[in-house]
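Trainee: Attaching a single structure in structure tokens format; questions to follow.
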Amino acid sequence: MKNIIFRLLLVYFSLFQIDFVEARQSNIVSTNEMYQIVSELQSDHKHEEAIRILLKLVDNKLWIKDEENARKTHNKLGYSYYMLHQYEKSSFHYQRATELAKKLQNTEKLIDSFTSLGMALRRGGMYTKSVEVNQEALELAIFLKDTVSICNILNTLGILYQDIEDWSKAINNHHRALVLSETTSDTLMSSFLHTNLAISYRSILMIDSSLIHNKLSLSLKESMGQEELEKVKIYNNIGLDYLELDSLELALSFLERSNQIYHMIEDKKGLVSNYNNLAKLALKESEPTKALTFLNKAELLLNDFSMPIILQDLIKTKIEALEALGEFGKALEAQKHLLSIKEDIFQKEKIGIQKLETAYLLREKELESQSFAQEAELAKLKARKNTQIVLVLLLALVFAVFIIFLVSKLNKRLKLSNEIIQAQKLDLKHFTYNTLMRIQGLLRLTSNSVSDQLIRESLYQAEAAVVSAASLQKFTYSIENIDHVMLGNYLSELMDHLNSTFRITNTKKVRFKVEIINDFTLPVFMVLNIGLITAEIVTNSLKYAFEDSMDNPEITLTLFGTVGNLNLKIKDNGKGLDKDWRQNGVGHGLITKLARHIKAELTSYTDNGTTFILYLKLKNGFSI
């Protein structure tokens, strides 16, 4: 510590008393030592002091004539100005660092400079320019095949498109980044990307998709063993999704959990957002007085900091609560307050736009100067060439550009339409899956409350069928051609789903074993029927095959065969099949009908447990 203080004193002495070159010659402090001190100051968040030293380094000709030194210095200046929220100055120095990285032909440093410049431009409101810079960085990262950088830049581009509310491009970039993060097993980045996708889907009112991605993000955070404070925002977001879907009990559960954590970590901004969501929930439950209580707590917290966007939402919720209570005078006052806040935000945005317009005017003047220079050059060329040939070439060029423009515009429209259709298909799949899982939950609740054994068995059969259908729905999320579904992969996921679903109600710890010796591609209707047969057989084994005293209960599924011949064997090591079930059981009749429906042969026998074998003769080119 004493050494650092001593060196800082030497730096300040060199700043105000003598020239850098003289300081270096007299060994008071070298430029390399000064640069090292800058790094220490930035680590301690002392950016103003760091800037003073860096500006002196810029003035030191002996130091700055080395292009690598110059690049590092401007890069650090860009960082310190960024941390001080002086984004215009930050952009200037990051731009200089970028130009120097180009001269040095250092592609990795150039990517870093581009991404840093893009962040500064974004913070300064120059979204279009920021997108251009990040696109250049992306091209370089793709050239280097730097998967990590490509993933990070795609995520940044997605956030930029969120800023300008271009949700289709935001979703596209975040989906591309998600595929890469899963390829590199970057669980943390995958979690962030699921959260960003949820934000975009909620913004276009695709709430089911938002809920799916928020749940996936939470699952990844839990797999990493993150603490509750790292998951609190996800809890709050999931609560908001359930609120939008009118699942009020689930919404309350997640919102209350996030409220407890926000209180524990004393996150006032998080509490403001959470109280607003709880107020909206109270209004949906027709409790406007309770909603006002939450809103008053949020307003007290807002006295400590400024959140104009959140404040607008709070006041809108408050107006709704006051109107519900019949307090129209107070509602009118709140409405006036809301208008004054909107006016204040408008004025600030107007000033920001004026600054941007000034910057664009300067850029326009620069482009005009370049245009005049180009025109002068063209005049010289025209004097040396035949006028008619130039005219013909220009007309041909204009025509070609026009054709390219029309084709490009048509392609963009087709691409946008396709993206919208794909997004709607995905949202419909998410909605169907969520609905099936809710039905499964209702069947479970109903079966637990019914005492009649026959009715309970029927409910178990219905639940197994719903689980099979839900598993297939989830499995086909990423499959475009439903006429070619991999049966083995689906059955593996189905067995996992059945295991997790019935583990809660089954006291016996049954081991599930899946052996895919040969896999087959089948159309979805055949896969669904085979899944229903499998679910019924496995469910029946879980209910009846194993005595409580039995050791190592096990259910094994084996898929094998040859081209044109499919064999599926499901075996348990339980007490054996009851003859009455074969003759009179509802489940046996069901699987027999399902097998007959797909023209398959179903046989069973008892030998150290029960074994079912499904044989299917394949036609129409279904392959292994």
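The values are calculated or read from the model by the stated rules, or taken from the named source; none is laboratory data. Everything numeric here is computed off the predicted structure, so don't read it as measured data. Backbone-built Cβ (ideal geometry, glycine too); neighbour counts: all protein chains shown. Surface accessibility is based on the protein's heavy atoms, side chains included, excluding ligands, DNA and RNA. Shrake-Rupley method; radii C 1.70, N 1.55, O 1.52, S 1.80 Å.
Trainee: At a 1.4 Å probe radius, which order do SER223, SER253 fall into by accessible area, largest first? Please report the intermediate quantities before stating the final value.
Mentor: On the way: SER223 85, SER253 55 Å².
Output order, biggest surface exposure first: SER223, SER253.
Trainee: Out of ILE159, ASN134, LEU220, whose Cα points farthest toward the positive end of the dipole of the range 110-250 (charges: +1 Lys, Arg; -1 Asp, Glu; placed on Cβ)?
Mentor: Result: ASN134, furthest along the dipole toward the positive end.
Trainee: Between the DSSP loop rule and a limit of at most 11 other Cβ atoms within 10 Å, which GluC sites (Glu not before Pro) in the range 139-221 are left? Walk me through the intermediate numbers first.
Mentor: Working: sites: GLU139, GLU165, GLU182; in loops: GLU165.
Passing sites in the range 139-221 are GLU165.
Trainee: Quick check: pseudo-label points 7 Å beyond the Cα along Cα→Cβ at GLU99 and THR603, how many nm apart are they?
Mentor: 8.3
Trainee: Would you kindly derive the ³J(HN,Hα) couplings of the range 537-554 from the backbone phi angles with the Karplus curve 6.51 cos²θ - 1.76 cosθ + 1.60 (θ = phi - 60°), listing them in order in whole Hz, with x for Gly and Pro?
Mentor: 5, 5, 4, 4, 4, 4, 7, 10, 6, 10, 6, 4, 8, 6, 8, 6, x, 8
Trainee: Write out the trypsin sites (Lys or Arg not before Pro) in the range 537-617 meeting two conditions: DSSP loop, and at most 12 other Cβ atoms within 10 Å of their Cβ.
Mentor: Values: sites: LYS543, LYS569, LYS571, LYS575, LYS579, ARG582, LYS593, ARG596, LYS599, LYS617; in loops: LYS575, LYS599.
Counting only loop positions with at most 12 other Cβ atoms within 10 Å, the trypsin sites (Lys or Arg not before Pro) in the range 537-617 are LYS599.
Trainee: Kindly provide log₁₀ I(q)/I(0) values, in the same order as q = 0.14, 0.19 Å⁻¹, from the Debye equation applied to equal alpha-carbon scatterers of the range 509-612.
Mentor: -0.56, -1.00
Trainee: Here is a follow-up. GLU88 to THR446: extension gain in nm, 0.36 nm per residue of separation minus the Cα-Cα distance? Intermediate values should be presented prior to the final figure.
Mentor: Values: separation 358, 0.36 × 358 = 128.88 nm, distance 6.28 nm.
Stretched out fully, the GLU88 to THR446 stretch lengthens by 122.6 nm.
Trainee: Report the FRET efficiency, 1/(1 + (r/R0)^6), for ASP496 and LEU229, where r is their Cβ-Cβ distance and R0 is 25 Å, rounded to 0.05.
Mentor: Numbers: r = 31 Å, r/R0 = 1.22.
With a Förster radius of 25 Å, E is 0.25.
Trainee: Could I ask something else about it? Can you work out ³J(HN,Hα) from phi for every residue in the range 57-73, in order, using Karplus 6.51 cos²θ - 1.76 cosθ + 1.60 and θ = phi - 60°, giving whole Hz and x for Gly and Pro?
Mentor: 5, 4, 7, 7, 4, 5, 6, 7, 5, 6, 5, 5, 4, 4, 4, 4, 5
Trainee: List the extent of the Cα atoms of the range 38-77 along each of their three principal axes, largest first, rounded to whole Å.
Mentor: Projected onto its principal axes, the Cα set of the range 38-77 covers 28, 15, 12 Å.
Trainee: Sequence-distant or interchain residues sharing an amide H contact under 5 Å with GLU554, placed H: which?
Mentor: Correct list: ARG511, ASN573.
Trainee: With a ≥ b ≥ c the root eigenvalues of the C-alpha gyration tensor of the range 136-201, is it rounded (a/c under 1.5), prolate (a/b larger than b/c) or oblate? Write out the running numbers ahead of the final one.
Mentor: Values: a/c = 2.56, a/b = 1.27, b/c = 2.03.
Oblate, since a/c reaches 1.5 and b/c is not below a/b.
Trainee: With θ taken as phi - 60° and the coefficients 6.51, -1.76 and 1.60, list the Karplus ³J(HN,Hα) couplings across the range 39-45 in order, rounded to whole Hz; mark glycine and proline as x.
Mentor: 4, 5, 5, 5, 5, 8, 6
Trainee: Here's something else I'd like to know. Which of the residue pairs LYS231/LYS571; LYS268/LYS336; LYS269/LYS330 have a Cα-Cα distance greater than 30 Å in the structure shown? Before the final figure, lay out each step's value.
Mentor: Details: LYS231/LYS571 42 Å; LYS268/LYS336 26 Å; LYS269/LYS330 26 Å.
Listed pairs above 30 Å: LYS231/LYS571.
Trainee: Each label point is 7 Å from the Cα along the Cα-to-Cβ direction; what then is the distance between the points at GLU343 and ASP163, in nm?
Mentor: According to this spin-label approximation, the distance is 3.0 nm.
Trainee: In nm, to one decimal, how far is the ASP578 label point from the LYS593 one, both placed 7 Å along Cα→Cβ?
Mentor: 2.1
Trainee: Quote to one decimal, in nm, the extra length available between ARG52 and THR558 on full extension: 0.36 nm per residue of separation minus the C-alpha distance between them.
Mentor: Numbers: separation 506, 0.36 × 506 = 182.16 nm, distance 7.19 nm.
In short, 175.0 nm is gained.
Trainee: Moving on to the next point. Roughly speaking, what is the centre-to-centre gap between the range 135-170 and the range 301-329 when only Cα atoms are used, to the nearest Å?
Mentor: Distance between centres, Cα-based: 37 Å.
Trainee: With a 1.4 Å probe and every protein chain left in place, tell me how much accessible area ASP166 has, in Å² to the nearest 10.
Mentor: ASP166 has an accessible surface of roughly 50 Å² with all protein chains in place.
Trainee: Could you pull the accessible area for ARG52 with a 1.4 Å probe, rounded to 10 Å²?
Mentor: Roughly 110 Å² of ARG52 is accessible to a 1.4 Å probe.
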